[in-house]
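*Asks:* Take a look at this one; I'll ask things after.
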Amino acid sequence: MAYIEFVNVSKQFPGALRPSVNNCSLAIEQGTFVVLLGLSGCGKTTLLKMVNRLHEPTSGHILIDGEDIRHLPVTALRQRIGYVIQQTGLFPHMTVAQNIAVVPKLLGWQRERIESRIDELLTLIELPPAEYRHRYPSQLSGGQQQRVGLARALAGDPEVMLMDEPFGAIDAITRATLQDEMIFLQRQLQKTILFVTHDVEEALRLADKIVVMDMGCIVQYDTPFRILTRPANQFVTNLVGADDTVRHLSLISVERAMQSPPPDFHVNGQPRIALHDNLRNALSLLLRTGTQTLVVAQDEHPVGILTMGQIQHLVGRVHEL
Amino acid sequence: MELLREALAYAQSRPELFWEAFVRHIVLVLTAISIALVICLPLGVWTARSRWASLTFINLVNTLRVIPSIAVLFLMLPYFGLSFQSAAIALTILAMPPILINTDAAFRTLNPAIREAAQGMGMDALTIFRKVELPLALPIILTGIRTALVEVIASATLAAFIGAGGLGNFIVLGSQLRNEAILLVGAIPVAIMAILAEVGMSALQRSVQVPL
Ligand SMILES: Nc1ncnc2c1ncn2[C@@H]1O[C@H](COP(=O)(O)OP(=O)(O)OP(=O)(O)O)[C@@H](O)[C@H]1O
Ligand SMILES: [Mg+2]
């Protein structure tokens with residue numbers, strides 16, 4: 001059964017000419033990483049904020065774990081949902097530790113449990129507790145602040161995380177690092193995540209499933225691969241660059257395309273690529289080294305080969321995959 | 001130096017007169033500041049949230065502010081006579097604008113993302129006010145109180161003109177008798193009080209300042 005469910009949800013702000021969110025229905029499975037993608041003003045934030053009731057729908061309802069969210073006291077609901085925003089919203093008068101302790105305190109946890117939770121989370125986001133516990137937000141870099149924002153949202157061990165462009169204000173390199181950490185974290189934590197972005201690459205990297213929105217409506221809800229290979233309409237095609245072959249390749253693993261080596265093949269100094277890497281990186285490696293064949297390796301052992309010809313062949317058949 | 005010695009001798013020759021004026025001065029200041037705080041702190045919290053209230057009350061205190069204190073003192077006379085009340089009311093009016101304006105600004109300029117984060121984490125309105133908004137607003141509010149305090153300490157000398165006492169008594173008397181020593185008996189303690197208020201409030205403000 002779906003963990004978060006939107007049923008015919010609409011939201012029209014007072015005085016607005018048209019609804020910001022228009023009759024959206026969406027079922028999200030537990031433990032999935034769902035990215036809301038769309039142009040500025042299409043209603044992503046509005047949809048997100050209805051989940052923790054910072055906005056109330058004009059019509060329709062939202063269920064979490066089968067329960068209508070309006071049936072819970074609003075503070076109790078919010079304490080169960082982690083919330084991360086672009087501007088971090090960290091409390092500048094509280095230390096990192098105090099910021100992280102906010103929700104556990106609201107939940108009435110014991111002091112020792114809160115203290116060990118703070119250390120655990122700081123270790124998880126790779127800010128050594130001894131060094132960072134007593135810093136104030138103003139004494140952290142933008143990327144570190146965003147990590148603390150994430151830790152604070154995770155503190156009460158919520159089932160659901162809402163993240164509104166958390167990496168939007170961060171330079172490209174740091175953003176890529178944070179995305180990697182996010183992927184790594186999600187692999188361990190298996191939260192149900194709703195993540196807003198208008199960065200297509202970010203959506204493709206992070207999402208189990210992408211919700212494409214346009215003018216308040218959900219246009220397509222599908223896996224990144226299917227969004228790219230079977231866009232629902234021209235809008236989706238343009239938005240995600242579904243015509244972009246290289247982008248397709250970034251979603252296909254080397255494992256899927258490799259072949260077993262022909263009998264006369266000898267490992268002989270050819271460039272290597274990891275089994276779990278993607279074809280975009282493989283292509284880049286082929287072009288950079290000017291070879292035709294890569295050795296696919298798993299834990300240093302060659303397990304197959306990947307040729308330029310095979311990548312071209314796959315590009316032609318990508319819509320059948 | 002000679003003048004200072006004379007002033008000291010004058011004060012020591014009439015200790016009960018001096019201390020009475022001194023205490024009266026402090027009571028006037030504290031009364032005015034307390035009333036202004038009781039009115040303006042809640043009012044400022046409200047005006048920061050309501051555009052209508054903000055326009056109305058901020059304009060009102062700004063208008064009151066341009067009336068010279070001495071004029072306010074004399075305007076009070078028909079109602080309260082030559083009394084402590086008249087002086088206290090005039091000083092309260094003087095103390096209100098900086099406190100109200102700073103309280104309003106302190107809450108109005110809070111980063112909306114911080115408020116949103118607090119709500120999103122499931123704090124109730126009262127907790128948000130106590131744990132988040134108030135601590136962040138406090139330094140700016142204290143600046144307003146400091147301004148008010150220094151102004152009121154200095155202006156409380158005017159109370160003497162309507163017979164409400166305070167250290168202004170010596171200033172009035174000194175100028176009438178053209179005796180500078182007597183004038184200093186009023187002026188020096190007032191100056192010291194104002195400096196102490198300034199220094200004390202600055203220290204308090206630093207102690208609650210959010211690290212930047
Ligand atoms: N509090 C509000 N009052 C009135 N209208 C609003 C409010 N919040 C959002 N809107 C309107 O609703 C629409 C959707 O806004 P929303 O913030 O959900 O967009 P978004 O997809 O998050 O955009 P962005 O990517 O720029 O953040 C916009 O037209 C916006 O003007
Ligand atoms: Mg938004």
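The values are calculated or read from the model by the stated rules, or taken from the named source; none is laboratory data. Small disclaimer: the values here were computed from a predicted structure and weren't measured. In this analysis, Cβ positions are derived from the backbone assuming ideal geometry, glycine residues included, and neighbour counts consider all displayed protein chains. Heads up: the accessible areas ignore ligands, DNA and RNA and are worked out on the full protein's heavy atoms, side chains in. Shrake-Rupley method; radii C 1.70, N 1.55, O 1.52, S 1.80 Å.
*Asks:* Normalising by the residue count of the stretch A:76-177, find the relative contact order in percent from Cα pairs under 8 Å and 6+ residues apart.
*Replies:* Dividing the mean separation by the residue count of the stretch A:76-177 yields 48 percent.
*Asks:* Within 10 Å of each Cβ of A:134-145, how many other protein chain Cβ atoms are there on average? If you can, show how the numbers build up before the last one.
*Replies:* Values: counts 0, 1, 3, 2, 3, 2, 0, 0, 0, 0, 0, 0.
Rounded to a whole number, the mean comes out at 1.
*Asks:* Equivalent-ellipsoid semi-axes (√(5λ), Cα gyration tensor) for the stretch A:201-321, whole Å, largest first? Don't skip to the answer; put the middle values down first.
*Replies:* Values: eigenvalues 212, 33, 26 Å².
Three semi-axes, in Å: 33, 13, 11.
*Asks:* Using the crude model of +1 on Lys and Arg Cβ and -1 on Asp and Glu Cβ, and no other charge, please compute the dipole size for the stretch A:2-241 relative to its Cα centre, in debye to 20. Write out the running numbers ahead of the final one.
*Replies:* Working: 23 positive and 25 negative charges, 92 e Å.
Roughly 440 debye, rounded to the nearest 20.
*Asks:* When the expected Rg is taken as 2.2 N^0.38 Å, what fraction or multiple of it is the alpha-carbon Rg of chain B?
*Replies:* Working: Rg = 20.4 Å, N = 212, 2.2 N^0.38 = 16.8 Å.
Compactness ratio reported: 1.21.
*Asks:* Now, a different point. How many percent of all Cα-Cα pairs in the stretch A:1-61 sit more than 17 Å apart? Please report the intermediate quantities before stating the final value.
*Replies:* Details: 689 of 1830 pairs.
Summing the P(r) tail past 17 Å for the stretch A:1-61 gives 38 percent.
*Asks:* Over chain B, with a Gaussian network built from C-alpha contacts below 10 Å, which listed residue (B:Ile33, B:Ile101, B:Ile188) shows the highest mean-square fluctuation?
*Replies:* B:Ile188
*Asks:* So, one more: Among B:Ala36, B:Ala87, B:Ala181, which one shows the biggest mean-square fluctuation in a GNM of chain B, springs joining Cα atoms closer than 10 Å?
*Replies:* B:Ala181
*Asks:* Rounded to a whole number, what is D in µm²/s for the stretch B:67-136 from Stokes-Einstein with the Kirkwood radius over alpha-carbon pairs (37 °C, 0.692 mPa s)? Present the calculation step by step, with values, prior to reporting the outcome.
*Replies:* On the way: Rh = 14.9 Å.
Roughly 220 µm²/s, to the nearest whole number.
*Asks:* Hey, which lysines would be in cross-link range of A:Lys105, C-alpha to C-alpha under 26 Å, not counting anything within fewer than 8 residues on its own chain?
*Replies:* A:Lys105 reaches A:Lys49, A:Lys191, B:Lys131.
*Asks:* Further, regarding this structure: Can you list the residues of the stretch B:169-212 whose accessible area drops by at least 20 Å² going from the chain on its own to the full set of protein chains, with a 1.4 Å probe?
*Replies:* Those are B:Val210, B:Pro211, B:Leu212, which lose 20 Å² or more relative to the chain on its own.
*Asks:* If you place +1 on the Cβ of every Lys and Arg, -1 on the Cβ of every Asp and Glu, and leave all else neutral, what size is the dipole of the stretch A:1-129 about its Cα centre, to the nearest 20 Debye?
*Replies:* Details: 12 positive and 11 negative charges, 100 e Å.
Using only the charged Cβ atoms, the result is roughly 480 debye.
*Asks:* Need one value for A:76-85: mean number of C-beta atoms belonging to other chains within 10 Å of its residues' C-beta atoms. Show your work: numbers first, answer last.
*Replies:* Working: counts 1, 1, 7, 3, 1, 3, 2, 6, 2, 4.
Across the residues of A:76-85, the mean count of other-chain Cβ atoms within 10 Å is 3.
*Asks:* Okay, moving on. Can you name the helices of chain B, as whole DSSP H runs, whose Cα span along the helix axis is 18 Å or more and whose Kyte-Doolittle mean is not below -1.0?
*Replies:* Details: long enough: B:15-49 (51 Å, 1.44); B:51-66 (23 Å, 0.61); B:84-108 (35 Å, 1.09); B:134-155 (30 Å, 1.68); B:180-208 (41 Å, 1.57).
Answer set is B:15-49, B:51-66, B:84-108, B:134-155, B:180-208.
*Asks:* Turning to a different aspect of this structure: Give me the Kirkwood hydrodynamic radius of the protein assembly as shown, using the inverse of the mean 1/r over all pairs of distinct Cα atoms, in Å to one decimal. All intermediate terms of the calculation are to be shown ahead of the outcome.
*Replies:* Details: mean 1/r = 0.0350 Å⁻¹.
Evaluated over the protein assembly as shown, this radius sits at 28.5 Å.
*Asks:* Let me ask something additional. Counting only C-alpha contacts under 8 Å and six or more residues apart, can you give the relative contact order of chain B as a whole percent?
*Replies:* Numbers: 267 pairs, mean separation 57.7, N = 212.
Value for chain B: 27 percent.
*Asks:* Next question, about the same structure. Quickly work out the B:Phe161-to-B:Arg206 label distance, labels modelled 7 Å from Cα along the C-beta direction, and quote it in nm with one decimal.
*Replies:* It works out to 3.7 nm between the two label points.
*Asks:* Using just the alpha carbons, could you tell me how many Å³ per residue the convex hull of the stretch A:26-75 encloses?
*Replies:* Values: hull volume 5.1 nm³, N = 50.
About 102 Å³ per residue, rounded to a whole number.
*Asks:* Contour minus end-to-end for B:Trp46 and B:Tyr79, with contour as 0.36 nm per residue of separation and end-to-end as the Cα-Cα distance?
*Replies:* Working it through step by step, the gained length comes to 8.9 nm.
*Asks:* Kindly provide the helix-only [θ] at 222 nm of chain B, computed as the sum of -39,500 (n - 2.57) over DSSP H runs of four or more divided by all residues, to the nearest 500 deg cm²/dmol? Working shown, then result.
*Replies:* Working: 9 runs with 169 residues, N = 212.
The helix contribution divided over chain B gives -27000 deg cm²/dmol.
*Asks:* If you find the alpha carbon centre of the stretch A:148-211 and of the stretch B:77-114, how far apart are they in angstrom?
*Replies:* 48 Å
*Asks:* Using only atoms on other chains, find how many Cβ atoms lie within 10 Å of each Cβ of peptide A:87-99 and report the average.
*Replies:* Mean partner shielding for this stretch: 5.
*Asks:* What residues have an amide H closer than 5 Å to that of A:Asn278, excluding those fewer than 5 places away on the same chain, when H is modeled at 1.01 Å from N in the peptide plane?
*Replies:* A:Val254
*Asks:* Check which residues have an amide H placed less than 5 Å from A:Phe13's amide H, if you skip close sequence neighbours.
*Replies:* When sequence neighbours closer than 5 places are left aside, the close amide H contacts are A:Ser20.
*Asks:* If you don't mind, there's one more thing I want to ask. For the stretch A:138-210, take every pair of Cα atoms, bin their distances at 10 Å starting from 0, and report each bin as a whole percent.
*Replies:* 18, 58, 24, 1
*Asks:* Normalised by the number of residues in the stretch B:141-193, what is the relative contact order in percent for Cα pairs under 8 Å and 6+ residues apart?
*Replies:* Working: 52 pairs, mean separation 14.0, N = 53.
Relative CO of the stretch B:141-193 lands at 26 percent.
*Asks:* Which whole-Hz ³J(HN,Hα) couplings does the stretch A:70-84 yield from phi under the Karplus relation 6.51 cos²θ - 1.76 cosθ + 1.60, θ = phi - 60°, glycine and proline marked x?
*Replies:* 6, 7, 9, x, 4, 5, 5, 4, 5, 5, 8, 10, x, 9, 10
*Asks:* Which percent of the accessible heavy-atom area of the protein assembly as shown goes to carbon and sulfur, probe 1.4 angstrom?
*Replies:* Values: 14610 of 25350 Å².
After summing per-atom areas, the C and S share lands at 58 percent.
*Asks:* Turning to a different aspect of this structure: Per-residue counts of other Cβ atoms within 10 Å, averaged by peptide: what ranking do you get for A:49-57, B:70-78, highest first? Present the calculation step by step, with values, prior to reporting the outcome.
*Replies:* Numbers: A:49-57: 19.9, B:70-78: 15.0.
The most tightly packed comes first, giving A:49-57, B:70-78.
*Asks:* Semi-axes, largest first, in whole Å: what does sqrt of 5 times each Cα gyration tensor eigenvalue give for the stretch A:2-241?
*Replies:* Numbers: eigenvalues 181, 89, 49 Å².
Over the Cα atoms of the stretch A:2-241, the ellipsoid semi-axes are 30, 21, 16 Å.
*Asks:* In debye, nearest 20, what is the charge dipole magnitude of chain B about its Cα centre with +1 on Lys and Arg Cβ and -1 on Asp and Glu Cβ, if you could check? Walk me through the numbers on the way to the answer.
*Replies:* Working: 13 positive and 11 negative charges, 91 e Å.
Charge dipole, chain B, about its Cα centre: 440 debye, nearest 20.
*Asks:* Go through A:Thr245, B:Thr109 and list them by solvent-accessible area, largest first, probe radius 1.4 Å.
*Replies:* Details: A:Thr245 60, B:Thr109 95 Å².
Result, largest first: B:Thr109, A:Thr245.
*Asks:* To the nearest 500 deg cm²/dmol, what mean residue ellipticity at 222 nm is calculated for chain A from DSSP H runs of n ≥ 4 alone, each contributing -39,500 (n - 2.57), summed and divided by the residues? Show your work: numbers first, answer last.
*Replies:* Details: 14 runs with 124 residues, N = 321.
Rounded to the nearest 500, it is -11000 deg cm²/dmol.
*Asks:* Summed for both chains, how many Å² of accessible area, to the nearest 100, are buried between A and B with a 1.4 Å probe?
*Replies:* Details: alone 15440 and 11600 Å², together 25350 Å².
Result for this pair: about 1700 Å² buried.
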